[in-house]
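Structure, as structure tokens:
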Amino acid sequence: MAGALDTETRSRQAEIVLANNDAKLLPGSYVEISINVPTKTPALLAPANTLVIDQAGVHVVVVGEDKKVSFKPVKLGRDFGKEVEIVEGIAADDILVASPSDLLVEGESVGIVEATPKTAEKPNQAKKTG
């Protein structure tokens, strides 16, 4: 394996030895492959702004059915920039708090507001008259 990641594709080259009895693979050829790696449980992706990192470790703030917050420790996997992989600690149906305040306290009651995706606005276009 190459030691460094390609900064644009976030990939790296690997050398794999394969049987080539029918001579379909030519020397010096490049191929693209996918390797499926089975896991015990699939990881969840969460926005990076849901993480709270302090002296107690890494955790997220979850809103329960009673609309009270709790701090759940999580184990992180890969970091994708705006999203992180959480391999342990939360369930797929947990409601996470985005950008939690330092003032939140375990068991505090909160209201739930669903995030709405931002849409790109088109610039005003001049109208022709006449």
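If you filter the range 74-94 down to residues that are of a type in the set (A, V, I, L, M, F, W, C) and surrounded by 15 or more Cβ atoms within 10 Å (Cβ to Cβ), you find that the one that is farthest from Thr9 (Cα to Cα) is Ile90.
With respect to the conditions (1) open to solvent by less than 100 Å² (accessible area, probe 1.4 Å); (2) touching a residue at least 12 places away in the same chain (Cβ under 8 Å); (3) in contact with a Lys or Arg (Cβ under 9 Å, 6 or more places away or on another chain), Glu106 falls short on a single one, namely (1).
Note on the range 35-50: among residues that are of a type in the set (A, V, I, L, M, F, W, C) and surrounded by fewer than 18 Cβ atoms within 10 Å (Cβ to Cβ), the one that is nearest to Ala14 (Cα to Cα) is Ile35. Summed over the range 53-75, the residues that are of a type outside the set (Asp, Glu), without any contact (Cβ under 8 Å) to a residue 24 or more places away in the chain and in a strand (DSSP E or B) give a count of 6. The C-beta contact set for the range 8-33 (first residue under 22 Å from Arg78 (Cβ atoms), second residue open to solvent by 100 Å² or more (accessible area, probe 1.4 Å), distance under 7 angstrom, 6+ apart or interchain) comprises Ser11/Leu5; Arg12/Met1; Arg12/Leu5; Ala14/Met1. Scanning the range 60-90 for residues that are at pLDDT 90 or above and of a type in the set (Gly, Ala, Ser) yields Gly64, Ser70, Gly89. Given the conditions (1) farther than 30 Å from Leu103 by Cα; (2) within 23 Å of the chain's Cα centre (by Cα); (3) surrounded by fewer than 10 Cβ atoms within 10 Å (Cβ to Cβ), which single one is not true for Arg12? Failed condition: (3).
The values are calculated or read from the model by the stated rules, or taken from the named source; none is laboratory data. This one's a predicted model, so the numbers in the text were calculated from it and none came from an experiment. When we count neighbours, we look across all protein chains shown, and the Cβ atoms used for this are built from the backbone with ideal geometry, even at glycine. Only protein heavy atoms, including side chains, enter the accessible area calculation; ligands, DNA and RNA are left aside. Shrake-Rupley method; radii C 1.70, N 1.55, O 1.52, S 1.80 Å.
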